[in-house]
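What follows is a single structure, written as structure tokens, with notes after it.
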Amino acid sequence: MSGTYTRGVVFVHSAPRALCPHIEWAVSTVLDQRIAMDWTDQPAVSGLVRAEFSWVSKVGTGARLASALRGWAHLRYEITEDASPGNDGGRWSHTPELGIFHAQTDVHGNVVIPENRIRAALEHAHDAARMRRELELAVGQAWDDELEPFRYAGAGAPIRWLHRVG
């Protein structure tokens with residue numbers, strides 16, 4: 001297998017149990033290997049489950065994973081892909097209410113706001129509230145606000161590392 005490799009994490013913050021095999025199948029298809037996720041109860045919402053695992057694969061796998069899970073009702077997830085030499089990292093966040101959000105990330109995992117997005121926000125410098133809304137949108141603040149209770153509920157959960165070999 002040739003190409004630049006990177007690593008990332010899939011955080012399924014909440015899903016109905018009935019979706020679990022479908023999520024595993026979708027992730028397995030992208031990673032081209034069978035996976036089994038360790039599902040635990042999601043304490044933030046009764047009746048939902050959560051799982052997380054780490055992966056190592058080619059650059060761009062984060063986007064393919066996000067696309068495979070995109071649009072599923074009742075599913076909250078985040079996918080991260082670390083920056084690698086010559087490639088930016090990324091973070092994809094999804095909630096049923098907001099849909100999907102993507103941001104570039106630097107080597108430390110910080111969201112990088114493109115220059116044109118900053119310039120567009122600065123066009124509203126005369127209206128501080130509007131400028132703030134534009135910048136909050138650029139960093140995905142609404143997704144962070146909605147996902148934070150689900151992230152907190154998963155603190156200390158085990159992470160399984162998956163490595164693609166061959």
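The values are calculated or read from the model by the stated rules, or taken from the named source; none is laboratory data. Predicted model only: the values in this text are computed from it and were never measured. Reconstructed Cβ throughout: ideal geometry from the backbone, glycine too, with neighbour counts over all protein chains shown.
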Taking the stretch 59-81 and keeping residues at pLDDT 95 or above and more than 16 Å from LEU31 (Cβ to Cβ) leaves LEU75, ARG76, GLU78
Flagged pairs (Cβ under 9 angstrom, 6 or more apart or on separate chains; first in the stretch 6-23, closer than 24 Å to LYS58 by Cα; second in a helix (DSSP H, G or I) and hydroxyl-bearing (Ser, Thr, Tyr)) are THR6/THR61; GLY8/THR61
When restricted to ARG117, ARG34, ARG7, ARG64, the only residue among the charged types (D, E, K, R) and within 21 Å of ARG151 (Cα to Cα) is ARG7
The residue that is surrounded by the most Cβ atoms within 10 Å (Cβ to Cβ), considering only those in the stretch 7-56 that are of a type in the set (Ser, Thr, Tyr) and under 22 Å from ILE100 (Cα atoms), is SER14
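The rows are residues; the columns are (1) at pLDDT below 90; (2) of a type outside the set (Gly, Ala, Ser); (3) more than 18 Å from the chain's Cα centre (by Cα); (4) closer than 18 Å to ALA103 by Cβ.
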{"site": "LEU122", "(1), (2), (3), (4)": "no, yes, yes, no"}
{"site": "HIS126", "(1), (2), (3), (4)": "no, yes, yes, no"}
{"site": "ARG132", "(1), (2), (3), (4)": "no, yes, yes, yes"}
{"site": "LEU135", "(1), (2), (3), (4)": "no, yes, yes, yes"}
{"site": "GLN141", "(1), (2), (3), (4)": "no, yes, no, yes"}
{"site": "ASP145", "(1), (2), (3), (4)": "no, yes, no, yes"}
{"site": "ARG151", "(1), (2), (3), (4)": "no, yes, no, yes"}
{"site": "ALA155", "(1), (2), (3), (4)": "yes, no, no, no"}
Reported set for the stretch 9-64 where residues are in contact with an Asp or Glu (Cβ under 9 Å, 6 or more places away or on another chain) and of a type in the set (Lys, Arg) is ARG34, ARG50
Looking across the stretch 79-137 at residues that are of a type in the set (A, V, I, L, M) and assigned to a strand (DSSP E or B), the single one that is surrounded by the most Cβ atoms within 10 Å (Cβ to Cβ) is ILE79
(message) Please verify whether ARG50 is modelled with pLDDT of 95 or more and under 20 Å from PHE150 (Cα atoms), treating the condition exactly as stated.
(response) yes
